[in-house]
Amino acid sequence: MEIPKQLIPLEDTPGEFVINVGPQHPSTHGVLHLRIKLDGEKILEIEPHLGYIHRGIEKISESLGYRQSIYLTSRMDYLSAHMNNQACSLLVEKGLQIEVPDRAKAIRILMVELQRLASHQLWWGSAGLDMGAVSPFFFAFREREQILEIFEETCGTRLTMNYITPGGVMNDLHPDFVKKVKALIKQFKVNIHEYDKLLTGNIIFQKRTQNVGFLPRDLAISLGASGPVARASGISCDIRKLHPYDGYEKLDFSEIVMDKGDSFTRYLVRIEEMKQSMHIIDQLIDNIPEGDYRARVKGIIRLPEGEYYQRVETARGELGVFVVSDGNKTPYRIKYRTPNFSNLGALQYIAKDSKIGDLVAIMATLDLIIPDIDR
Amino acid sequence: MGVTEDNLNTFPGEVYRDDAGQANFFVTSIDKLANWARSNSLWPLTFGTSCCAIEMMSAASAKYDWSRFGFEVARATPRQADLIIVAGTICTKMAPVLKRLYNQMANPKYVIAMGSCTISGGPFYYYSYSVVKGVDTIIPVDVYIPGCPPRPEALLEGMMALQAKIKKSRAYVIDSPKTKQEE
Amino acid sequence: MILMIGFKDITLWIHQMLSGYLNPGWVVASEALLVGLAMILLVVIMAVAMIYMERKVAGFMQLRLGPMRVGLWGSMQAFADVLKLLLKECLTPNGADKLLFSLAPFVVLTVSFLALAPFSFAPGLQLWDLNIGVLYISAVSSIGVIGILMAGWSSNNKYSLLGGMRSGAQIVSYELSAGLSIIAIVIMCGSLSIHDIILSQSDGWWIFKGHLPAMFAFVVFVIASTAELNRAPFDLAEAEQELTAGFHTEYSGMQFAMFFLAEYTNMFIVSMVGTTVFLGGWMPFHIVGFEAFNHLMDYVPSFIWFFGKTFFILFLIMWFRWTFPRMRIDQLLKLEWKYLLPLSIINIVIAAFITIMGWHF
Amino acid sequence: MSKEELKAYLEVNFPTCKFEDTIDFPVVIVEQGQLLSLLKSLREAPSTDFDLLFCQTAVDYKTRFEVIYHLSSTTFRHDLVVKVLLDDREHPELESIFSIWKAAELFENEIFDLFGIRFLNHPNLRRIILGDEWQGYPLRKDYTDANILIP
Amino acid sequence: MKALFRYFSSIFSAFKSLWTGMRLTFYYLSHPKTILTQQYPENRKTLYIPEAFKGEVVLIHDENNEHGCTACRMCEMTCPNGTIKITSITEETEDGKKKKILDEWIYNLGMCTFCAQCIEACPQNAIKMQNTFEHSVYDRKELIKKLNHPGSKLKSTKKI
């Protein structure tokens, strides 16, 4: 095993000091490798190196059936596993013109919004951890564990659920699903104020994140940023509003758009989005329509020839699944347009000539998931 | 492998041979003390590549709380860590980095392979061109924890199995100072 | 009262017993040895107690239990950690500057042991009653920075170099306001020696007697000493998220244990200084009017008072760590130079004015 | 602008390109030479204002490559797919559109790494994912590798 | 004067915001009831693992050691990552028909990703997911399991 070339430090030109915020680093939440050119504490230039977790999911999916490759997607952005499976299921349903029963649609939205809550909670915990405050991490996991237990009872696994399949959902809701979700929402509505007390209101956190890492609106559009990162810079790009799917058009929830564009606004957008998700769950939890939870789908799925594109709003932005099908049971080409790939592009422009402390603050509020970038 | 004390005895006996390769005859009281200290303060390296790292984080969270075992001091540098939990897929580009991290760790060091991706390449065994098919092809592994991702309790059970293994093994006595071939 | 057995007569008895056998030169040497052993024993016991307390306080603050399985309620956890660190292999990286690399932990540890000398734990129990006690402590504890810079520079690792530089800037600047806050009390008390400071507080602790300037000096002292210890919210030197482990990235095994022990000893020293100067050392808590209450307070032995107050300040420092995020390096220095320093200088002027006018009790 | 208006607008300005229609988006197929000018005008023209390139990918049809640009507009909310066909399989080359959309930098790095399509005047073209020692381009249909196991 | 006022008010608001954070952590320190740790090894008996949890694939054997698997290998084909290997022997039954009998149902726990597609694909519902989770081993070979118990044979289908 020889050491890859990037890890051997370049000879430092005088005055410049290149450090590897290497593949194994606590604040990169995974294996992102940034080579940063420093001048003292100030960052001159950032060059991301990817591929440390590139598993070739697109190449694997070319030799797996549709139903089998869908479950691989929850290994990409593991904090929005439901949304990834939902994107592929919607695409297959659009291809085969399958009509999903209403109960399945309601269950899907409930699961997706619970997953968004769980993902934002983990983001909030790890954002606090990156800034040095250790306690928020444990408060964030208090509600997240309850959500994972709800998932466990219905879908069978905690993190990489293989629950949303073409035609509906894998199995029906657990009997006390409604009771537990209601208890969770009631408790979290109270506890979200603790989030404000611990981090949002904290003067040290505000000083660390305000006016740090500005992402102007036109740069965000030109970079293709999406999700809370883009909405904090004033772009309204919530796919649940623009191209509603699975019954989102019937629900009333507001899209959070703020336009200051610094790290603190990205933080506030996500906190508000958690409240919106709870609002959606409140509307749906009491009137889940009856009926069967899954439409009849043939064993082997063959999409008619042509190109399909399906967009879904995950916790981090717009996930697009682009399939070129030539009619037989495996897709000819699958391309996953993942939100973190474009949000990573923003990192090089935002973090220029800021300090190392700011780099950690910016990466905490960009909320990057590395397997989503490398696929 | 259940957790109760008795069925941990199925463990096949001594594991470590000391530097010169001889197996010590019996676990002396010094070894017992050293093994007690080592097994009760395993400091994991913060090393997580993908989904299993999230389950490792929830094992560290308040509900499962591995700080009861004394694991919560997660050191970021390989120098001070003595346990590396390989959590998540290891790709061919990541393999030399993992090998380098393993070499930088101070002896006695232990490895836990957590999740199907590390045990055998899991979902990426077939058809993938860039996944290492099993971490034990790169570094020696002490405990394998199957699951995708394994529950936090399964991770705790695996760590207790590692503790049992350390308690049963010879204390790793460095008698001949090794040449430090350091990357 | 049997409780108030003076430690003075124990030390006197030992002195007579020793001089009975040996000639005076040997007596001093053996006493020095005995005292050294006592100090090391005290520091080790306190370090283990503090490690256990830190992990339990952190656990309970974060909705979890903390160490539970090693010994009863996890009490043996700290012993397991220290013993394991003893048995680990000590690595020195290739390009490291061998001499400085291995010297740094010893410098940091000996400095914190040096600063233990002038403290008085109980009426007779004082190692060495310097007449410049407090000045000696802050002078000696500022040498610790050299050990950290040595560690940062010599381990040939970019992260530790950054960590070393940051902690150098931080400790040097926070020495100022820590010293100034102690001076405010010394003005009121009139003497530098620890023994006199404690005796002057027999009718009331300085934090109550010196009312406004003393309380402000106490707040500045706690903030500045947390910064001097490199502990959160000022732990930029070993910021885990930014510089993996700051200046002690390359240390492992016993060398890292020395940094670990030095950090806890410094914490112990800083809280002892706070106790002696602000909270009246081993003086029991007296309220001027209530004689019965004061009499009751005297039953509690004096060293319990001393260690109780020390653990209160330790708890304060730990409480900061588990609540606040980390500051950025420029905010940290801005806080010192723009907020703490001017305010402590104003505080000294007020304290001097009050002592001249005699308004303090 | 709806699909028909878009088609009418493009027919007027760019007669030489063909049109298709998939379930989701109107598709425009354009030659390699005309690509940059078409995309620049789509970007700058006030009536179309395609300021968001949300996906750029490539497909290997064994005989030829196809580079697909998914464009959208945040003001008019209409989408368009632009396709370019590359027939040369040994050294496929294409101009980089980093000058129009900054998102293209990472997309093109990934396409170069997995397909081998070089992009001219790209700011920092490198094998971002697989590293420089990797032989061959995995996402091509004719890619063979001993590491790949078939059950 | 305004700058001085702003200087002191910023200090005061800073202290107030820090104090609210400290009050919160002290509340959790002083209320041990809020601790939610489940001490895993001690609470092994009362541990609640939901019934639907996918822990391990198991071949269902009824009381007289019969299973329902007819070795049709549907599960082996739908498994995305090839963790199931089924070997079958063809046997002559009394009326001369060739019949496939399950010989070995090899299940590689180390490669399984618990997606439960095999259970959905099995026409005879012969396999199900169990919610046991304690599988950590010292040796990788122990993870390759043979699911059909020794001496078990096919359930006689006439009864259903």
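The values are calculated or read from the model by the stated rules, or taken from the named source; none is laboratory data. Treat the numbers as computed from the prediction; the structure is a model and nothing was measured. Here the Cβ is made from the backbone with ideal geometry for all residues, glycine too, and neighbour counts use every protein chain on show. Surface areas here come from the heavy atoms of the whole protein model, side chains and all, with no ligands, DNA or RNA. Shrake-Rupley method; radii C 1.70, N 1.55, O 1.52, S 1.80 Å.
Screening segment A:208-256 for helices (runs of 4 or more DSSP H) wholly inside it with 3 or more residues that are in contact (Cβ under 8 Å) with a residue 24 or more places away in the chain and surrounded by 18 or more Cβ atoms within 10 Å (Cβ to Cβ) returns the ranges A:228-231. When segment E:25-48 is filtered for residues that are under 27 Å from the mean Cα position of the chain (by Cα) and either touching a residue at least 60 places away in the same chain (Cβ under 8 Å) or open to solvent by 60 Å² or more (accessible area, probe 1.4 Å) (or both), the ones remaining, listed by number, are E:Q38, E:E42, E:R44, E:K45, E:T46, E:Y48.
Among the residues making up segment B:117-142, those that are small (G, A, S) and more than 18 Å from the chain's Cα centre (by Cα) are B:G122, B:S128, B:S130. Beta carbons closer than 7 Å, at least 6 apart along the sequence or on distinct chains, never pair a first residue in segment E:1-13 that is touching a residue at least 60 places away in the same chain (Cβ under 8 Å) with a second that is open to solvent by less than 60 Å² (accessible area, probe 1.4 Å) and polar (S, T, N, Q).
For A:N171, the conditions (1) part of a helix (DSSP H, G or I); (2) touching a strand residue (DSSP E or B) at 6+ places or on another chain (Cβ under 9 Å); (3) open to solvent by 10 Å² or more (accessible area, probe 1.4 Å); (4) of a type outside the set (S, T, Y) are fulfilled apart from (1). Count, please, the residues in segment C:52-73 that happen to be open to solvent by less than 10 Å² (accessible area, probe 1.4 Å) and more than 7 Å from every other protein chain (Cβ to nearest Cβ). Residues flagged as open to solvent by less than 10 Å² (accessible area, probe 1.4 Å) and more than 7 Å from every other protein chain (Cβ to nearest Cβ) within segment C:52-73 amount to 2.
Look at (1) within 10 Å of another protein chain (Cβ to nearest Cβ); (2) surrounded by 15 or more Cβ atoms within 10 Å (Cβ to Cβ) and you find that E:Y107 fails only one, number (1). When A:I192 is tested against (1) touching a Gly at 6+ places or on another chain (Cβ under 8 Å); (2) open to solvent by less than 10 Å² (accessible area, probe 1.4 Å), exactly one condition is not met: (1). Identify the residue in segment E:79-104 that is open to solvent by 40 Å² or more (accessible area, probe 1.4 Å) and touching a residue at least 12 places away in the same chain (Cβ under 8 Å) and, among all such residues, is farthest from the other protein chains (Cβ to nearest Cβ). Looking at residues that are open to solvent by 40 Å² or more (accessible area, probe 1.4 Å) and touching a residue at least 12 places away in the same chain (Cβ under 8 Å), I get E:I101.
Can you pull out every residue in segment A:143-166 that is more than 16 Å from A:K186 (Cα to Cα) and part of a helix (DSSP H, G or I)?
Of everything in segment A:143-166, those that are more than 16 Å from A:K186 (Cα to Cα) and part of a helix (DSSP H, G or I) turn out to be A:L148, A:E149, A:F151, A:E152, A:E153, A:T154, A:C155.
Does segment C:74-129 hold any residues that are closer than 26 Å to C:L192 by Cα, open to solvent by 50 Å² or more (accessible area, probe 1.4 Å) and assigned to a helix (DSSP H, G or I), and which are they? Passing the criteria: C:T110, C:F113, C:L114.
Are there strands (runs of 3 or more DSSP E) fully within segment D:52-151 with at least 3 residues that are away from chain A (no Cβ under 12 Å) and open to solvent by less than 10 Å² (accessible area, probe 1.4 Å)? List them.
So the answer is D:79-86.
A single entry from C:L229, C:L212 fulfils the requirement of being modelled with pLDDT of 85 or more and either within 14 Å of chain B (Cβ to nearest Cβ) or surrounded by fewer than 20 Cβ atoms within 10 Å (Cβ to Cβ) (or both): C:L212. For segment C:62-75, the criterion of being hydrophobic (A, V, I, L, M, F, W, C) and modelled with pLDDT of 90 or more is met by no residue. Note on segment B:24-48: residues that are open to solvent by 50 Å² or more (accessible area, probe 1.4 Å) and modelled with pLDDT of 80 or more total 4.
For segment D:19-40, the tally of residues that are outside any strand (DSSP E or B) and within 10 Å of chain A (Cβ to nearest Cβ) stands at 4. Among the residues of segment C:235-266, those that are more than 8 Å from chain B (Cβ to nearest Cβ), open to solvent by less than 10 Å² (accessible area, probe 1.4 Å) and not in a helix (DSSP H, G or I) comprise C:L236, C:A237, C:A239.
Conditions tested, residue by residue: (1) crowded, with 18+ Cβ neighbours inside 10 Å; (2) in a helix (DSSP H, G or I).
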position	(1), (2)
C:G281	yes, no
C:H286	yes, no
C:A292	no, yes
C:F315	no, yes
C:L332	yes, yes
C:E336	yes, yes
C:L340	yes, yes
C:I345	no, yes
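Taking the stated definitions as given, is C:S19 open to solvent by less than 40 Å² (accessible area, probe 1.4 Å), among the hydroxyl-bearing types (S, T, Y) and out of contact with any strand residue (DSSP E or B) (no Cβ under 9 Å at 6 or more places or on another chain)? Answer is no for this residue. Scanning segment A:329-349 for residues that are open to solvent by 10 Å² or more (accessible area, probe 1.4 Å) and over 27 Å from A:C88 (Cα atoms) turns up A:Q348, A:Y349. Of the listed requirements (1) more than 16 Å from C:I223 (Cβ to Cβ); (2) within 14 Å of chain A (Cβ to nearest Cβ); (3) out of contact with any strand residue (DSSP E or B) (no Cβ under 8 Å at 6 or more places or on another chain), C:R328 misses just one: (3).
Residue-by-condition table, conditions (1) over 30 Å from A:K189 (Cβ atoms); (2) open to solvent by less than 10 Å² (accessible area, probe 1.4 Å); (3) modelled with pLDDT of 90 or more:
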{"residue": "A:V269", "(1), (2), (3)": "no, yes, yes"}
{"residue": "A:Q276", "(1), (2), (3)": "no, no, yes"}
{"residue": "A:Y308", "(1), (2), (3)": "yes, yes, yes"}
{"residue": "A:A351", "(1), (2), (3)": "yes, yes, no"}
{"residue": "A:V360", "(1), (2), (3)": "yes, yes, no"}
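Can you name every residue in segment C:157-204 that is among the polar types (S, T, N, Q), in a helix (DSSP H, G or I) and within 21 Å of the chain's Cα centre (by Cα)?
Those that are among the polar types (S, T, N, Q), in a helix (DSSP H, G or I) and within 21 Å of the chain's Cα centre (by Cα): C:S167, C:Q170, C:S173, C:S177, C:S181.
Here C:G358 clears all of (1) under 30 Å from A:L129 (Cβ atoms); (2) away from chain A (no Cβ under 14 Å); (3) without any contact (Cβ under 8 Å) to a residue 12 or more places away in the chain except the condition numbered (1).
None of A:G224, A:G261, A:G317, A:G234 is within 11 Å of chain D (Cβ to nearest Cβ) and farther than 30 Å from A:I57 by Cβ except A:G234. Residues of segment D:38-51 being open to solvent by less than 10 Å² (accessible area, probe 1.4 Å) and touching a residue at least 60 places away in the same chain (Cβ under 8 Å), which ones? Answer for segment D:38-51, where residues must be open to solvent by less than 10 Å² (accessible area, probe 1.4 Å) and touching a residue at least 60 places away in the same chain (Cβ under 8 Å): just D:L39. Residues of segment C:248-263 that are under 21 Å from the mean Cα position of the chain (by Cα) and either under 13 Å from B:Q80 (Cα atoms) or without any contact (Cβ under 8 Å) to a residue 12 or more places away in the chain (or both): C:H248, C:Q255, C:F256, C:A257, C:M258, C:F259, C:F260.
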